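> First, the structure itself, so that you have it in front of you.
The values are calculated or read from the model by the stated rules, or taken from the named source; none is laboratory data. Bear in mind the structure is a predicted one, so any value in this text is a computation, not a measurement. In this analysis, Cβ positions are derived from the backbone assuming ideal geometry, glycine residues included, and neighbour counts consider all displayed protein chains. Accessible surface is based on the protein model in full, side chains and every heavy atom, while ligands, DNA and RNA are left aside. Shrake-Rupley method; radii C 1.70, N 1.55, O 1.52, S 1.80 Å.
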Amino acid sequence: TTTPIVDGISDWSPNGSSIVFGRAPTTECSSSDFGADLYAIDSVGGNERRLTNTTDGEFEPAHSPDGTKIAYTRDAFNPVTNRFSTNIYVMNPDGTGQTKVTPDSVEAEAPTWSPDGTKIAFDGRVRGSSEPTQLFVINVDGTGLAQLTQGAVDRESPSWQHYSISGKVTGNTDGQPVTMALAGTLTRVTQTDENGNYIFGNLTPGGNFSVSPVSTAFVFNPSKTDINNLQGNQTADFTIVPQAIPAATPPLADNFNDGQRDPTKWNLGTQTQPLGAFDPQVTVVQQGGQLVITPRTNQIGPHYNGYVSVNSFDFNNATATVELVQPAAGAAQTIFAIGSDLDNFSRFIVREDGPQNPTERGRRRTDAAQLIFQVVVGGQLTTASIPYDSVLHRFMRFRHEPPTNAIVFETSQNNVDFIERHRVVLVKSVSALTAELSAGTSTATNPGTAVFDNFQLVTNTFQFSMTSFSVNESAGSATITVTRAGSAALAATVDYSTFDETAEQRTKYIPAVGVLAFAPGEASKTFDVLIEDNFLVEGSQTVALRLLSSFGAGLNSPGQGLLTITDNDTMAGTTSPLDQPDYFVRQQYYDFLNRSPDPGGFAFWQSQITSCPPGDQPCLNARRIRVSNAFFYEQEFQQTGAYVYRLYRAAFGNNQPFPNPDLNPAFPGERLKVPSYAVFVSDRARVVGGANLAQAQLDLAKAFVLRSEFLATYSRNLDGPAF
C-alpha cells in the first residue's frame, strides 16, 4: 500500500496460507502506535481483511503453533492515568473472540507461543516499576503469571524454542511437487517446493516422528525416516530411484488381528490435537483382534494417543470406515478422523458426559453420550451433534462426494446400510489425507477404554494398466491404457503427460498431454503417443508416462509407466528423412495438428509433392513450403495451436513491436513470457478439435490464469475483483 503505514512486525500462519500484519490508516502519530489495526492477507496476495477495529493500537501478531489463535499486543490509552498501557490479547484467526490474557499489573509486549500452545512468553515490566524490561511467561488462559528474569539489564523479544524437521527430495520430478507426510506426535502433510525442499516447523521437543515421501509416480530411498525423541532441528533427505516404478498400493485396511502395531501402516500419535496434547502414557495396544486405547485417569489438561496412518492417501470419491466397539467413558473423547493438518480435518467424536458404572459396559447407551461431528476448514471449526447410540452408530464412515468436494459423515449398525448424519463442503483438495483412531481426556475423569475394529479405506483410483509399454519405432504411435479401480458409477477425469527419459521429444516422439474423461460406467480409456521413425540409429529408448491429477477419483500406483521405443534402424541413412514425401507430410500432422494422418488427407498432401517432375528441386521446395503453409492456415490448427499462441499474446503482450523484443514494456526489465516449443506442444495437446473444442479452450484458459507466471504478472497490480 502507499498511504497507510504498515507495522514492521508480521507473522505467517503455520500452514503458510496467510500473513497477519499491523496497518495504520494515517501517517500521523495521532494515536497509539499510529492507531494500527491487525489485518490478514493471503500469501499469494489479495483477499485483505481487517481483524481488529479499535481506537487502540494492535501490533506484534503471533500465530499459535496449531494456527487456531493469534496473540498480539494492544496499546490502549488510559484517560485516568493519561498514559498508554500495553497488554497481550488472544483472538481467533478471523478476528473474533478477542480476549485479554495479561493482567493490568504488568506492561506486556512481544508475545511468543510455547511449542505446545499452552503458554505465552513476553517482555514487559511490573506497572509503576522502574526496573528495566524483563521476561515473563503466562498460561494462555491468563493464569500462572511468572517473571523469569530480574536485574538492571533490559531483556526483550523472547523466542520460544521450537524444533523442525526439514530436508530435500533430489531427482527428476519434472517440476511436480512431492507430498511429504509427517506422522507421530504430530501429523501434517505438506509438499516440496520447486527445488525439492520441504519443512515441518513448530515441532514438540522430545516427540517421536516419521517422515515419508508419498507419490504414485516415484520410488524413494529411503522410503521413510523415523526420528525419535526430537532434539534440535533435524534433517531427513530423500532421493528418487531413477526409472523405478512404484508397485500398486492396496488401500489401507486393518482388522488388528496381529499382536502388535504394523509400522508400515500406523504410527502412534494424534492428527487433530494441538501441540502438547499427545501423551505416550495413554496406552495403545492390539489385543483380541481389536485396537484398545486406555486414557489416563484423573489427569488435568489434554492427554491423547492413538493410531495415525503412516502414509497419506487420495480420498477423492473414497470412503473410510471403522467399527467403534466401545467408546471411552467418563467425559473422555473417542475420535475417528481424516485430514491433512490441524487447519483442515473432519472427525467423529463420541463423548460420554459423565462417569459410567463398569457393570454397564457393553449395554446400549443413548442417554449420556453424544456423537459429535467436527470439521475444521481453513482453521475455522464447525460442530454439530446428535445423541450417541452404540447400536445404530456402531460403524462410522467418511465419504467424499467429488461434484461438491463434500465430506459426508455416515453411520450404520451393520456396515451395509449407512445413514447420512452430517456433511460439509471443503475448500481444499483431499488428494493427501491421513487417518486417526485415538482417545483421550481434557479433564480429570475415570475414562475406561476405547475399542476400535475393522478399519477399511475404499478408494476409487486411476492407474496405468501396466507399468511397462513397448512399441516399434515404425508403428507411428503407441496406445497407452489407463484404468480406474473401485466404483465407476460417476464421471471422472484424469490428466496425463509424457516426459523425456532416454528418448527426447525433439527427435523421437511427440509429447502427449491431455485429459481423459471417463463417463459413468467406463473403466478404461486410452491415449496415443506419436512416434517418429527418424532414420537414426539410437537403440531402444524410453519415455516416462505420468498421471498428474484427477477429479472424481484419486490416483494410485502405478501413476507412472515407461514406454520403450524399439529402434528399427541398423545403419545411418545417407539422406534426410524429410526428403521422403510420406515422412514430410506425417511430420506436418504431428507438429501442427498433434495427430496421425487421416488416409485421405495423407494421400492428398503427398500428391502435392510427388506431382513435381523428377529432379525439379525448385518445384519440390515450393510445394513443401505450400504444404506446410496450408497446415498453418488449416482451421484445425488455428483453433488449437494458434489459440495457444494467442493466449500467451493476450496475457503477456508478446506480439507488440518495440525496440527490444526480449523486454516487456509493461514491466521494464522483465523478459517476455514467450512459450518455448516444449510449453507450446504441452498446451496445444490440451486443446482438441471436434465437438469438445470450446470446452477444451475454456479448460486451458482456466488453468492458464492460475499459473505462477500469470499470477506474478497481474495479481500484484490488481485487487481481487479486478483480477
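> Give, in nm to one decimal, the length gained when the segment between ASP582 and GLN413 is fully stretched (0.36 nm per residue of separation minus the Cα-Cα distance).
On the way: separation 169, 0.36 × 169 = 60.84 nm, distance 6.76 nm.
So the chain would gain 54.1 nm between ASP582 and GLN413.
> Along the principal axes of its C-alpha atoms, what lengths does segment 436-494 span, in descending order and rounded to whole Å?
Projected onto the principal axes, the Cα atoms of segment 436-494 cover 76, 25, 20 Å.
> Taking a ≥ b ≥ c as the square roots of the eigenvalues of the Cα gyration tensor of segment 461-583, is the shape rounded (a/c under 1.5), prolate (a/b larger than b/c) or oblate?
Working: a/c = 3.08, a/b = 2.50, b/c = 1.23.
In terms of gyration-tensor shape, prolate.
> For the chain, report the accessible area per residue in Å² (1.4 Å probe, heavy atoms, rounded to an integer). Provide the component values of the computation, followed by the final result.
On the way: 32470 Å² over 723 residues.
Per-residue accessible area for the chain comes out at 45 Å².
> I've got another one for you. Mind jotting down the distance between the C-alpha centroids of segment 146-217 and segment 488-559, whole Å?
35
> Before rounding to the nearest 500, sum -39500 (n - 2.57) across all DSSP H runs of length at least 4 in the chain and divide by the residue total; then give [θ] at 222 nm in deg cm²/dmol.
That calculation yields -3500 deg cm²/dmol at 222 nm.
> How large is the accessible surface of ARG623 in square angstrom, using a 1.4 angstrom probe and rounding to the nearest 10?
Spelled out: ARG623, probe radius 1.4 Å, area about 50 Å².
> Residue by residue through segment 538-549, which ³J(HN,Hα) values in whole Hz follow from phi under the Karplus form 6.51 cos²θ - 1.76 cosθ + 1.60 (θ = phi - 60°), with glycine and proline marked x?
Whole-Hz 3J(HN,Hα) from phi for segment 538-549: 10, x, 5, 9, 10, 10, 7, 10, 9, 9, 9, 7.
> Would you kindly state how much longer the chain becomes between VAL126 and ARG506 on full extension, computed as 0.36 nm times their sequence separation minus their alpha carbon distance, in nm to one decimal? If you can, show how the numbers build up before the last one.
On the way: separation 380, 0.36 × 380 = 136.80 nm, distance 7.29 nm.
Length gained, VAL126 through ARG506: 129.5 nm.
> Computed FRET efficiency, Cβ-Cβ of ALA722 and ILE41, R0 25 Å: what is it to the nearest 0.05? Walk me through the numbers before you get to the answer.
Numbers: r = 16 Å, r/R0 = 0.64.
FRET efficiency, ALA722 to ILE41: 0.95.
> Hey, can you grab everything whose amide H is under 5 Å from the amide H of LYS69? Only 5+ residues off in sequence or another chain; H modelled, so Pro and N-termini drop out.
Here SER64 satisfy the definition.
> What net charge do the residues around SER549 carry, taking every other residue with its C-beta under 11 Å from that of SER549, with Lys and Arg at +1 and Asp and Glu at -1? Walk me through the numbers before you get to the answer.
Numbers: positive: ARG546; negative: ASP314, ASP495.
Summing Lys and Arg as +1 and Asp and Glu as -1 gives -1.
> Let's see if you can work this out: charge +1 on each Lys and Arg Cβ, -1 on each Asp and Glu Cβ, no other charges. What is the dipole magnitude of the chain about its Cα centre, in debye to the nearest 20? Display every interim value, and only then the final one.
Details: 48 positive and 71 negative charges, 189 e Å.
Here the chain has a charge dipole of around 900 debye.
> Can I ask one more? Where does the charge balance sit around SER18 when Lys and Arg score +1, Asp and Glu -1, over other residues with C-beta under 11 Å from its C-beta? Walk me through the numbers on the way to the answer.
Values: positive: ARG49; negative: ASP11, ASP42, GLU48, ASP94, ASP343.
Result for the local shell: -4.
> OK, next. Could you give the nm distance between label points at ASN172 and ASN255, where each point is 7 Å from its Cα heading toward the beta carbon?
In this crude spin-label approximation the distance works out to 4.5 nm.
> How much length is gained if the chain between LEU711 and ALA603 is pulled fully straight, taking 0.36 nm per residue apart and subtracting their Cα-Cα distance, in nm to one decimal?
34.3 nm
> If you take all C-alpha pairs in the chain, what percent of them are over 38 Å apart?
Working: 131121 of 261003 pairs.
Of all Cα-Cα distances in the chain, 50 percent exceed 38 Å.
> With label points built 7 Å along Cα→Cβ from the Cα atoms of SER385 and LEU490, find their separation and express it in nm.
Taking the simple label geometry, SER385 and LEU490 are separated by 3.0 nm.
> I've got another one for you. Quick check for the chain: number of Lys pairs with alpha-carbon distance under 18 Å, counting only pairs 8 or more apart or on different chains? Spell out each step's value before the answer.
Details: LYS69/LYS100; LYS69/LYS119; LYS100/LYS119; LYS168/LYS224; LYS224/LYS265; LYS428/LYS702; LYS673/LYS702.
Lysine pairs, 8 or more places apart or on different chains, close enough: 7.
> Here's another thing I want to ask about it. Rounded to the nearest 10 Å², what accessible area does HIS393 show when all protein chains are kept and the probe is 1.4 Å?
Counting only protein heavy atoms, the figure is 10 Å².
> I've got another one for you. Tabulate in residue order the Karplus-calculated ³J(HN,Hα) for segment 424-439, using 6.51 cos²θ - 1.76 cosθ + 1.60 with θ = phi - 60°, rounded to whole Hz; enter x for Gly and Pro.
Once rounded to whole Hz, the list reads 8, 8, 8, 10, 10, 4, 10, 6, 9, 10, 10, 10, 9, 10, 8, 7.
> If you don't mind, another one. Provide the net charge surrounding GLN608, with neighbours chosen by a C-beta distance below 11 Å and charges set as Lys +1, Arg +1, Asp -1, Glu -1. Intermediate values should be presented prior to the final figure.
Working: positive: ARG623, ARG624, ARG626; negative: none.
Result for the neighbourhood of GLN608: +3.
> How would you classify segment 182-282 from its alpha-carbon gyration tensor, with a ≥ b ≥ c the square roots of the eigenvalues: rounded for a/c under 1.5, else prolate if a/b is greater than b/c, otherwise oblate? Show your work: numbers first, answer last.
On the way: a/c = 2.13, a/b = 1.18, b/c = 1.81.
Oblate.
> Of all the Cα-Cα pairs you can form in segment 99-150, what percent are over 12 Å apart?
On the way: 792 of 1326 pairs.
That fraction is 60 percent.
> Give me the distance in nm between label points sitting 7 Å out from Cα along the Cα-to-Cβ direction at THR610 and THR404, one decimal.
It works out to 6.1 nm between the two label points.
> To the nearest 10 square angstrom, how much accessible area does ARG624 have with a 1.4 angstrom probe?
40
> For VAL285 and SER105, what is the calculated FRET efficiency with R₀ set at 45 Å and r taken between the beta-carbons, to the nearest 0.05? Walk me through the numbers before you get to the answer.
On the way: r = 49 Å, r/R0 = 1.09.
It comes out at approximately 0.40.
> What ranking of SER18, SER159 comes out by heavy-atom accessible area, probe 1.4 Å, highest first? Before the final figure, lay out the partial values.
Values: SER18 15, SER159 105 Å².
Largest to smallest exposure gives the sequence SER159, SER18.
> Amide H neighbours of ASN202 under 5 Å, counting only residues 5+ apart in sequence or on other chains, H built in-plane at 1.01 Å?
Here the answer is TYR163, since their amide H atoms fall under 5 Å of that of ASN202.
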